[in-house]
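**Student:** Below is one structure. I have some questions about it.
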Amino acid sequence: MTAQTEDRPDIRVLVVDDQILIRAGVAALLRAAPGMEVVAEAADGEQAVALAAEHRPDVILMDIRMPGLSGIAATERILAAAPEDGPAPRVLVLTTFDLDEYVYAALRAGAAGFLLKDAGPQRLLAAVTAVAGGDTLFAPSVTRRLIEAFARRPAVTAGRSAGSLDALTGREREVLRLTARGLSNAGIAGELVISEATVKTHLNRAMAKLGLCSRAQAVVAAYESGLVTPGTGH
């Protein structure tokens, strides 16, 4: 276990990958980094679900394609079983392709973002730190590109009705729409002439009403409901 700082505990990470060399390499990198603690390693989705419940990590690095229970199904189970008395783990899915259909499904399941397997060590450490702090892993513009690529598909766009947004206030809908357009909180604040804190409040309330647990999942919901049309941002 790495030494803890006086004011911030280590980020507790669960590493999930069926390829032992990748899993061991990622775990070794994290163990060598200050402020990181690898609480466990899992070789498949079933192990990931069990170990997440046992160790309650802050961040899970989750491979998508694994034999048996996939990373997507494991993500759904883990987030559904997260205790109400504490924060849910933040899931980063690991993938080989930046526009992978499985990545979209993982974001829809509630993952916080994705990381390419060829990312360098510093990128990996920065991603884990960012996600542990509540941020999305990738730039909003990348989120939008990814969502638009797959939200056009009929099987996906049929997943959420416009009526599901009826519970939102006008301002919450506007913040959700701008989030889906790829704007950061600061960009939304400038567009609506409100504070970033107010933007965060509106977005968090919208996500709570819709049963969403990540910004990326909120973007998916905006496209699937028709609040934003792929390719237009409107």
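**Student:** If we keep just the residues of the range 92-130 that are at pLDDT 80 or above and part of a loop (DSSP other than H, G, I, E, B), which is farthest from P34 (Cα to Cα)?
**Tutor:** Result: G110.
**Student:** Tell me yes or no: at least one residue of the range 211-220 is without any contact (Cβ under 8 Å) to a residue 40 or more places away in the chain, surrounded by fewer than 21 Cβ atoms within 10 Å (Cβ to Cβ), not in a loop (DSSP other than H, G, I, E, B) and not hydroxyl-bearing (S, T, Y). Full working, then the answer.
**Tutor:** First, pick out the residues of the range 211-220 that are without any contact (Cβ under 8 Å) to a residue 40 or more places away in the chain: 211.
Checking which are surrounded by fewer than 21 Cβ atoms within 10 Å (Cβ to Cβ) leaves us with 211.
Those left that are additionally not in a loop (DSSP other than H, G, I, E, B): none.
Among the residues of the range 211-220, not one is without any contact (Cβ under 8 Å) to a residue 40 or more places away in the chain, surrounded by fewer than 21 Cβ atoms within 10 Å (Cβ to Cβ), not in a loop (DSSP other than H, G, I, E, B) and not hydroxyl-bearing (S, T, Y), which makes the answer no.
One line per residue, one yes/no per condition, for (1) crowded, with 19+ Cβ neighbours inside 10 Å; (2) in a strand (DSSP E or B); (3) touching a strand residue (DSSP E or B) at 6+ places or on another chain (Cβ under 7 Å):
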position	(1), (2), (3)
E41	yes, yes, yes
Q47	yes, no, no
I60	yes, yes, yes
L69	no, no, no
I72	yes, no, no
P83	no, no, no
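**Student:** Pick from T198, T179: which is of a type in the set (V, I, T) and at pLDDT below 95?
**Tutor:** T179
The values are calculated or read from the model by the stated rules, or taken from the named source; none is laboratory data. A quick note: this is a predicted structure, and the numbers were derived from the prediction, not measured. FYI the Cβ positions are ideal-geometry reconstructions off the backbone, even for glycines, and counts take in every protein chain you see.
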